[in-house]
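Notes follow once the structure below has been shown.
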Amino acid sequence: MTGLTLLFDVLIPGLKIAAVILYPMTMVIVMIWMERRVVAFIQGRLGPNRVGFQGILQPVADAMKLFFKEDIIPRQADRFLFNLAPVLVMVSSLLAFCFIPLGESFEIKGYAIELWIAQSPVGLLLVLGLSSIGVFGIIFGGWASNSKYPLMGALRSVVQVLSYEIPLGMTALTVVFFSRSMDLVAIVNNQKDAKVWFGFLLPASFLVFWISGIAETNRAPFDLPEAESELVAGYHTEYSGMKFAFFYIAEYAHMVLVSSLVVILFFGGWLPPFPNVKALAFLHGLPGFAWYLIKIMFFLYLYIWIRGTLPRYRFDVLIKLVWKWLIPLAVLNFVIVALAWYLL
Amino acid sequence: MAFQEIALNMGPQHPSTHGVLRLKLNVDNEVVRALEPVIGYLHRGMEKLWESQTYVQIIPLTDRLDYLAALSNNLAYVLAVEKLMGLEIPKRAQYIRVILVELQRLASHLAWLGFMANDVGAMSVLLYSFEDREDILDIFEAYVGARLTVHGMRIGGVPFDLDDRVIGMIRGALDGLPKKIADIEKLLNDNRIWLHRTRGVGAISRDDALAFGLTGPTLRATGVAWDIRRDIPYSSYEDFDFDVPVRHNGDVNDRYLVRMDEIRQSLRIVRQALDRLPDGEHLVKVPRSLKIPPGEVFHTIEAPKGELGFYIKSNGTDKPERVKMKSPSFINLQSLERMSKGNLFSDVVGILGSLDIVLGEIDK
């Protein structure tokens, strides 16, 4: 019996720690491939379809190429910060995945296995906090490069991420009103008990959160920090090789993280849809993890769809959008939800 | 906190300077305080080179000026030479020239649309408009065999008659393009982000535009209805019924709208020219070693980018003594500083895109 306990106590946490690194990485590979293929189809091209089945191994091949590339550090760069920046960006977005529940817990021989590493009563706060540490990586990267384009990219990024974090936090709080907890697992379980996903109760919260989430990840149409047509590649212009790959991977990991948050906060995480409809009970046959994957894939697809469709915002309009529209909307939404919660 | 003005070099290696243009910018945070275009990175000494080439040999070299509208350059040069010789061109050749040049205008405007949209971040439009442009390049390929640097004009006419296959392809493109262009317009015209990026951006007044000597769609977007095709007709343009699209704000959005309207007008002209294509010769015989009596001439046409003119001075030999080119991009680029000053840094890219410059034509 002790052998089995040892197995569960050592092996399972070990596997989970490996999974928290491997899972975002796998998603990043799938996402990079999907992005290139889907954007290609939107634009009437084929996209990468040579390496592996339908080109699925193209991101791996790209990563291999970057791995063997020369690592250039500009002579005038601040070496310490220059090297720290990609690490910071990468670590912050991977670390946040510790708190993301991927599915419901299940038991093997009386031993409960949970599909998350850490369950914290302030999980939501921690995830938001960790994901915004990434902006330090962007600032350091832009500043340490000692070059003008990265600096301007970094400046834009700071303003953008700081501004969009306000509506992001405000709308996340409305969910906390309903769930009475900042624990991400509890939030999902609350949606199970309520038999309704919070996204349908709080459509305004969801919309503002999702828009802010796109801006937070510096994606089109809010991809100003790395606006190709003006700033070349923005804050990572001077990076090459694996350090560039770190920024690249972190951006995609961040997208997966934000999509996961949207799914957990507003669309029931791993819960199957239509819990009340008897005729659709067969939907419960799929494991929770599959439902979670399907849902985040939908939001990741939205990212790509938007990128293939819309032009890029200009900086002043972007800031106007958040301060004149999203923040007042988020505050109003917050007050209404609070009043509703108090009165009902 | 006060920001220090910093000098920023855009280009010559930069994703959106349309070739090898260098912009010296002074930016105060994001606001442009001063801007100076630095040109000459693509200088090939064209005008000097022409002095050592015969009149006929110069034609393919003009392809490389505005390489997105090779046929228009061909036509401007060929018309100038013919004017100098006093050569009369058969009606059929004139009509075929009009068809080719208007198709070239379509190709040029579609390429511009793609670059412009890409500059403001709508990257799919680039692929869509290039796919549409492909239809026209296919026609050129079927007609003369080249797609980009089309050597499609001769002194005295056009190299080939239009055969049924080419006419069929042109009719096919005429039928397909309006729908395709409408699809692209659906993506952009009412798009809020597109309007934010273009409306009121890079505006120039009518008087300034005239003072700068702007021509082409950039001028017509400021409310000046000046189109050489209509006002000083050449190559039988007086036979065709078309409108000169004009807008009045002079901003990036108006330049976009003017060009989109011009695309429709060009389709109209091509359709009329095809329907009324007269019989006759497509080329008059000119002597192989072409000696032109001494004299000088200047002739302009309405190229896709604006007024394209050639000044040719002949000294009686088979080579010109001097050729000078009035390139629309060169003149239009001068107004970039006026349009960009006080605007945001990101708008410079959009404004530059809206001017539709080609460095091959500027640097010569």
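Under 20 Å of direct C-alpha separation, and excluding same-chain neighbours fewer than eight residues apart, residue B:186 reaches no lysines at all. Among the listed pairs B:324/B:364; A:148/A:320; B:341/B:364, those with a Cα-Cα distance over 21 Å are A:148/A:320; B:341/B:364.
In what sequence do B:135, B:161, B:207 fall when counting other Cβ within 10 Å, fewest first?
Values: B:135 20, B:161 16, B:207 10.
Lowest count first: B:207, B:161, B:135.
Placing +1 on the Cβ of every Lys and Arg and -1 on the Cβ of every Asp and Glu, with no other charges, gives the protein assembly as shown a dipole of roughly 320 debye about its Cα centre.
By definition, a body whose alpha carbon gyration tensor gives a ≥ b ≥ c is oblate when a/c is 1.5 or more and a/b is not larger than b/c, and region B:225-323 fits this oblate description.
Once region A:68-343 is represented by equal point scatterers at the alpha-carbon sites, with solvent omitted, what log10 I(q)/I(0) does the Debye formula produce at q = 0.15, 0.17 Å⁻¹? Values returned for q = 0.15, 0.17 Å⁻¹ are -1.11, -1.32.
For chain B, what is the calculated [θ] at 222 nm in deg cm²/dmol (nearest 500), taking -39500 (n - 2.57) for each run of four or more DSSP H residues and dividing by its residue count? Kindly include the intermediate steps, with their values, before the conclusion.
Details: 15 runs with 177 residues, N = 364.
The helix-only estimate for chain B comes to -15000 deg cm²/dmol at 222 nm.
Report the residues of region B:56-90 in range of a label on residue B:318: point 7 Å along Cα→C-beta, backbone N strictly under 14 Å from it. Within reach of a label on residue B:318, which here means backbone N under 14 Å from a point 7 Å along Cα→Cβ, region B:56-90 contributes B:56-58. Rounded to two decimals, the Cα radius of gyration of region B:84-178 over 2.2 N^0.38 Å is 1.22. Straight Cα distances below 23 angstrom link residue A:69 to the lysines A:243, with same-chain residues fewer than 8 positions distant left out.
Peptide B:111-123 is shielded by partner chain Cβ atoms: per residue, an average of 4 of them sit within 10 Å of its Cβ. With the simple spin-label model, which puts each label point 7 Å out from Cα in the Cβ direction, the residue B:185 to residue A:106 separation comes to 5.7 nm.
Taking a Cβ cut-off of under 14 Å around residue B:178, the surrounding Lys, Arg, Asp and Glu residues balance to a net charge of 0, with basic ones at +1 and acidic ones at -1. Taking a straight line from the alpha carbon of residue A:295, these aspartates and glutamates sit under 16 Å away, with near neighbours fewer than eight places off in the same chain left out: A:104.
With +1 assigned to the C-beta of every Lys and Arg and -1 to the C-beta of every Asp and Glu, and no other charges, what is the dipole magnitude of region A:68-343 about the Cα centre in debye, to the nearest 20?
Numbers: 18 positive and 17 negative charges, 81 e Å.
The calculated dipole for region A:68-343 is roughly 380 debye.
With K and R counted +1 and D and E -1, the other residues having a Cβ less than 10 Å from that of residue B:244 yield a net charge of -3.
Which whole-number value in Å³ per residue fits the convex hull of the alpha carbons of region B:5-363? Could you put the intermediate results ahead of the total?
Working: hull volume 43.9 nm³, N = 359.
Residue-normalised Cα hull volume stands at 122 Å³.
Residues whose amide H lies under 5 Å from that of residue B:216, counting only those 5 or more places away or on a different chain, are B:307; hydrogens are built 1.01 Å from N in the peptide plane. Checking the cross-link pairs B:48/B:319; B:83/B:285; B:91/B:319; A:109/A:195 against a 19 Å limit on the alpha carbon distance flags B:91/B:319; A:109/A:195 as lying beyond it. The longest part of chain A holding none of the exposed loop trypsin sites (Lys or Arg not before Pro), meaning those outside H, G, I, E and B in DSSP with at most 11 other Cβ atoms within 10 Å, is A:196-344.
Calculated translational diffusion coefficient of the protein assembly as shown (25 °C, 0.890 mPa s; Stokes-Einstein with Kirkwood radius over alpha-carbon pairs) equals 86 µm²/s.
Taken one residue at a time, the phi angles of region A:237-244 give Karplus couplings (6.51, -1.76, 1.60, θ = phi - 60°) of 4, 8, 8, 9, x, 5, 5, 5 Hz. Gly and Pro are set to x. Considering only alpha-carbon pairs that sit under 8 angstrom and 6 or more positions apart, the relative contact order computed for chain A is 23 percent.
With a ≥ b ≥ c the root eigenvalues of the C-alpha gyration tensor of region A:197-344, is it rounded (a/c under 1.5), prolate (a/b larger than b/c) or oblate? Note, shape of region A:197-344 comes out oblate. In loop segments of region A:85-160 as defined by DSSP, the GluC sites (Glu not before Pro) with at most 16 further C-beta atoms inside 10 Å of their C-beta are A:114. The modelled label-to-label distance between residue A:316 and residue A:57, using points 7 Å beyond Cα along the C-beta direction, is 5.2 nm.
Values quoted throughout were computed directly from the atomic coordinates according to the rules given, and no laboratory measurement underlies them. Please read these numbers as outputs of a predicted model, since none were measured by experiment. Don't worry about glycine lacking a Cβ; one is built from the backbone with ideal geometry, like all the others, and counts go over all protein chains shown.
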